[in-house]
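Structure, as structure tokens:
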Amino acid sequence: MFKRNYAEVVFDALSQNEAFARMVVSGFVMPLDPTIDELNELKTIVSEAVTNSIIHGYENKKGKVKMVMEYENEWITLTIIDYGKGIEDVNKARELFYTSKPEEERSGMGLTIMEIFSDEFYISSKIGEGTIVKVKKKLTCSCENDV
Amino acid sequence: MSLSAYIYIRADTLFVRLTGELDHHTSKSLRDRLNSLMMEYDIKNLVFNLKNLTFMDSSGIGVILGRYHYVKQNNGTLIVCEINSQIEKIIQLSGLYKILVITKDEDQAINYLGVA
């Protein structure tokens with residue numbers, strides 16, 4: 001059976017919404033019956049992206065984060081959007097252990113983790129306009145067995 | 001689900017049992033609490049018990065690495081024990097296995113440190 005679903009949620013760029021975003025994505029993919037590992041990886045991706053928006057996009061100031069969730073059969077697409085300051089050098093930001101805020105004990109692993117935990121990873125950013133992170137992940141679910 | 005920490009001190013070692021989720025939000029208060037305890041009680045070693053930690057992202061790695069640098073400056077040891085399957089992958093990816101002492105449980109950590 002063909003499965004398709006779409007949802008989006010917009011929330012304040014507050015750190016307590018990191019857990020909220022993880023819960024939302026967990027709930028959204030539940031009908032696909034993901035494995036514990038897959039669910040954990042999706043939650044981690046969302047957590048890293050939302051944290052980046054809060055810390056780097058808005059630098060802990062007021063703002064909104066939008067999370068778009070879609071699936072088509074076993075393919076999940078997550079898009080996390082902020083309208084913050086943007087990333088000056090995306091390639092630099094993608095380097096492992098690079099962080100623009102070493103004084104805040106950032107590990108510099110966020111983007112690398114998102115990349116490893118997903119099957120496709122895109123990031124685009126424009127100074128003064130914001131950042132869009134898009135990931136695709138294929139689940140190993142047995143969708144056809146579901147009712 | 002938020003984070004709770006059960007903390008106790010034995011000799012010059014601080015034991016931290018974490019329950020819940022360690023992310024950017026929950027790491028802030030944990031970091032402050034650990035820093036002030038370590039200063040106040042002149043702590044040399046730190047043992048993190050992650051048995052009941054159900055989620056951790058790179059912010060959690062940042063907290064552990066930050067404490068590692070602090071402990072190392074005082075010639076102490078940082079031990080992580082009871083790594084469960086939910087957080088194993090992120091710890092592996094971060095390279096923490098290479099720089100930290102990892103033990104099975106707190107007893108093994110105590111043996112390693114010799115803080116009877």
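Would you confirm, using the coordinates I've provided, whether B:Asp107 is assigned to a helix (DSSP H, G or I), modelled with pLDDT of 95 or more, charged (D, E, K, R) and over 30 Å from A:Met23 (Cα atoms)?
yes
Taking the range A:32-56, which residues are in contact with a strand residue (DSSP E or B) (Cβ under 9 Å, 6 or more places away or on another chain), hydroxyl-bearing (Ser, Thr, Tyr) and at the interface with chain B (Cβ under 9 Å from one of its Cβ atoms)?
Scanning the range A:32-56 gives A:Thr44, A:Ser47.
Matching residues to (1) free of Cβ contacts under 8 Å to residues at least 40 places away in the same chain; (2) within 14 Å of another protein chain (Cβ to nearest Cβ); (3) assigned to a strand (DSSP E or B):
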| residue | (1), (2), (3) |
| --- | --- |
| B:Leu37 | yes, no, no |
| B:Leu46 | yes, no, yes |
| B:Thr54 | no, yes, yes |
| B:Ile61 | yes, yes, no |
| B:Ile64 | yes, yes, no |
| B:Tyr70 | yes, yes, no |
| B:Asn75 | yes, no, no |
| B:Ile79 | yes, no, yes |
| B:Ile87 | yes, yes, no |
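Would you call A:Tyr71 in contact with a Leu (Cβ under 7 Å, 6 or more places away or on another chain), among the aromatic types (Phe, Trp, Tyr) and closer than 30 Å to A:Lys3 by Cβ?
Here the answer is yes, as A:Tyr71 does meet what is asked.
Would you please list the contacts, defined by Cβ atoms under 7 Å and residues six or more apart or on different chains, that run from a residue in the range A:1-13 that is of a type in the set (A, V, I, L, M) to a residue that is assigned to a strand (DSSP E or B) and surrounded by 12 or more Cβ atoms within 10 Å (Cβ to Cβ)?
A:Ala7/A:Met69; A:Val9/A:Met67; A:Val10/A:Lys64; A:Val10/A:Lys66; A:Ala13/A:Lys64; A:Ala13/A:Val65; A:Ala13/A:Asp82
Could you tell me which numbered condition A:Glu18 fails, if it satisfies all but one of (1) modelled with pLDDT of 95 or more; (2) more than 12 Å from chain B (Cβ to nearest Cβ); (3) within 18 Å of B:Ser58 (Cα to Cα); (4) in a helix (DSSP H, G or I)?
With (1) modelled with pLDDT of 95 or more; (2) more than 12 Å from chain B (Cβ to nearest Cβ); (3) within 18 Å of B:Ser58 (Cα to Cα); (4) in a helix (DSSP H, G or I) applied to A:Glu18, the lone miss is (2).
When the residues of the range B:6-34 are narrowed to those that are within 11 Å of chain A (Cβ to nearest Cβ) and surrounded by fewer than 19 Cβ atoms within 10 Å (Cβ to Cβ), which ends up nearest to the chain's Cα centre (by Cα)? It would help to see each step written out before you state the result.
Going residue by residue through the range B:6-34, those that are within 11 Å of chain A (Cβ to nearest Cβ) are B:20-29, B:31.
If we keep only those that are surrounded by fewer than 19 Cβ atoms within 10 Å (Cβ to Cβ) as well, we get B:20, B:28-29, B:31.
Values: B:Gly20: 14, B:Lys28: 14, B:Ser29: 14, B:Arg31: 10 Å.
Looking at residues that are within 11 Å of chain A (Cβ to nearest Cβ) and surrounded by fewer than 19 Cβ atoms within 10 Å (Cβ to Cβ), I get B:Arg31.
Tell me the residue from A:Lys62, A:Lys66, A:Lys92 that is surrounded by 16 or more Cβ atoms within 10 Å (Cβ to Cβ), among the basic types (Lys, Arg) and more than 14 Å from every other protein chain (Cβ to nearest Cβ), please.
None of the other options fit; the residue is A:Lys66.
Would you please name the residue that is modelled with the lowest pLDDT, looking only at residues in the range A:106-147 that are outside any strand (DSSP E or B), more than 22 Å from B:Asp23 (Cβ to Cβ) and small (Gly, Ala, Ser)?
A:Ser142
For the list (1) at pLDDT below 95; (2) closer than 21 Å to B:Ala11 by Cα; (3) not small (Gly, Ala, Ser), I need the number of the one condition that B:Leu96 fails.
For B:Leu96, the failing item is (2).
Here are B:Val71, B:Val115, B:Val101: which of them is surrounded by fewer than 22 Cβ atoms within 10 Å (Cβ to Cβ) and over 13 Å from the mean Cα position of the chain (by Cα)?
One residue alone meets the criteria, B:Val115.
Can you tell me which residue is farthest from B:Ser59 (Cα to Cα) among those in the range A:33-53 that are among the aliphatic types (A, V, I, L, M) and surrounded by 24 or more Cβ atoms within 10 Å (Cβ to Cβ)? Walk me through it before giving the result.
Quick first cut of the range A:33-53, residues among the aliphatic types (A, V, I, L, M) only: A:36, A:39, A:42, A:45-46, A:49-50.
Pick out the ones that are also surrounded by 24 or more Cβ atoms within 10 Å (Cβ to Cβ) and you get A:42, A:45-46, A:49-50.
Values: A:Leu42: 16, A:Ile45: 12, A:Val46: 13, A:Ala49: 12, A:Val50: 12 Å.
Ranking the candidates gives A:Leu42 first.
The values are calculated or read from the model by the stated rules, or taken from the named source; none is laboratory data. What you see is a predicted model; the values in this text were computed from it and never measured. Every residue, glycine among them, receives a Cβ derived from its backbone with ideal geometry; neighbour counts consider all protein chains shown.
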